Amino acid sequence: GSTLEIKDLHVEIEGLEILKGVNLTIKGGEFHAIMGPNGTGKSTLASAIMGHPKYEVTQGQILLDGEDVLEMEVDERAQAGLFLAMQYPSEVSGVTTSDFLRTAINAHREEGDEIQLMPFIKEMDKTLDFLEIDKNMAQRYLNEGFSGGEKKRNEILQLMMLKPAIAILDEIDSGLDIDALKVVANGINEMRSDSFGCLMITHYQRLLEYITPDHVHVMMQGRVVKSGGPELAQRLEAEGYEWIKEELGIED
Ligand code: ADP
Ligand code: MG
Ligand code: MG
């Protein structure tokens, strides 16, 4: 499996420092969850890892198997094995889900080793069934006119088809009803293997009732301030974040 190392990461948006020294290591085979109040920089972390141009890294390192991710272009990061599912996936006009996926899979492969149409269709049909997605959706333009729940399922479809080394899932649970949440969780659980590491960003503990994380981290004011096991998520759900602030002497 791969290892993603985030070391003392500082990130600014339009000159304002949002991340103030984040440290985190995610290895193949591990599921991590980041929780934290709104506005603490969770999505900023995800965007910085994937190289969103608005997010300026001013200090620190991001390494994938020792390679400097910050030196890579956005598409190179994906090719290196990083995957981001976003809180608000954008629409891609004129490209069907099916075409998008086949192109993305082949972008990871050497020339001459591209996935052939029939095996691709077979695997996609199997995955569509697993995620209880209507087969017609694969022929629709990516995310165009998709409901919130359809977009989330589509992102898990992408995850399962692309099989990245490390996935970052930003609020993949938001806006899902319980049935859709279970399907999405099944998909992520299906990915569990030594060659897959996952960082789930979530505001609520609900997702973690269906996917048991190995490590839970709390982010506050641009830093990871506390880490623990699944029990930490349960305590946050029951007691909120105040006790952590008191424990660590964090002022609002
Ligand atoms: P979280 O995901 O934890 O809710 P975010 O990373 O979205 O937090 O936001 C952290 C802080 O950065 C917030 O104060 C937010 O207003 C600010 N911020 C996030 N994205 C942008 C942006 N594109 N432009 C300006 N400020 C932003
Ligand atoms: Mg937010
Ligand atoms: Mg967010």
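Just so it is clear, none of the values below were taken in a lab; they were calculated from the coordinates. On a predicted model such as this, the values are computed, not experimentally measured, just so you know. Neighbour counts are summed over all protein chains in view; Cβ atoms, including those assigned to glycine, are modelled from backbone coordinates with ideal geometry.
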Hull volume in cubic angstrom per residue (convex hull over the Cα atoms of segment 12-121): 156
Two pseudo-spin positions, 7 Å from Cα along C-beta at Ile121 and at Ala107, lie apart in nanometres by 2.4
For the chain, go through all pairs of different Cα atoms, get the mean of 1/r, take its inverse, and jot down that Kirkwood value in Å. 18.8
Within segment 108-191, which trypsin sites (Lys or Arg not before Pro) sit in a loop by DSSP and count at most 14 neighbouring Cβ atoms inside 10 Å? Arg109
The size of the Cβ-based charge dipole (Lys, Arg +1; Asp, Glu -1) of segment 108-252 about the Cα centre, to the nearest 20 debye, is 240
Positive end of the charge dipole of segment 78-178 (Lys, Arg +1 and Asp, Glu -1 on Cβ, about the Cα centre): tell me which of Leu159, Ile115, Ala80 has its Cα farthest that way. Ile115
Based on alpha-carbon positions alone, could you give the equivalent ellipsoid semi-axes of segment 74-197 from the gyration tensor, as √(5λ), descending, whole Å? 21, 17, 15
Taking the square root of 5 times each eigenvalue of the Cα gyration tensor, what semi-axes in Å does the equivalent ellipsoid of segment 196-252 have, largest first? 20, 13, 9
Those trypsin sites (Lys or Arg not before Pro) in segment 1-102 that DSSP places in a loop and that have at most 12 other beta carbons within 10 Å: Lys54
Relative contact order [Cα under 8 Å, 6+ residues apart], the chain, whole percent: 29
Positive-pole candidate from Val225, Leu101, Leu70, dipole of the chain, charges at beta carbon: Leu101
Take the alpha carbon gyration tensor of segment 145-217, find the square roots of its eigenvalues, order them as a ≥ b ≥ c, and report rounded if a/c is under 1.5; if not, report prolate when a/b exceeds b/c, else oblate. oblate
Can you pull the one-decimal nm distance between simple spin-label points at Asp179 and Thr96, each 7 Å off the Cα toward Cβ? 2.6
Report the gain in length on full extension from Leu63 to Glu251: 0.36 nm times residue separation, minus Cα-Cα distance, nm rounded to one decimal. 64.5 nm
I want to make sure I understand the PRE zone here: with the label point 7 angstrom from the Cα of Ile13 toward its beta carbon, which residues in segment 139-154 have backbone N atoms less than 12 Å away? none
Charge dipole (debye, nearest 20) of the chain; +1 at Cβ of Lys and Arg, -1 at Cβ of Asp and Glu: 400
Hand me the tally of lysine pairs in the chain: alpha carbons under 17 angstrom apart, and the pair either on different chains or 8 or more positions apart. 21
So if I take the centroid of the Cα atoms in segment 87-163 and the same for segment 36-53, what is the distance between those two points in Å? 25
Unit charges on C-beta of K, R, D, E only; dipole of segment 1-82, Debye: 400
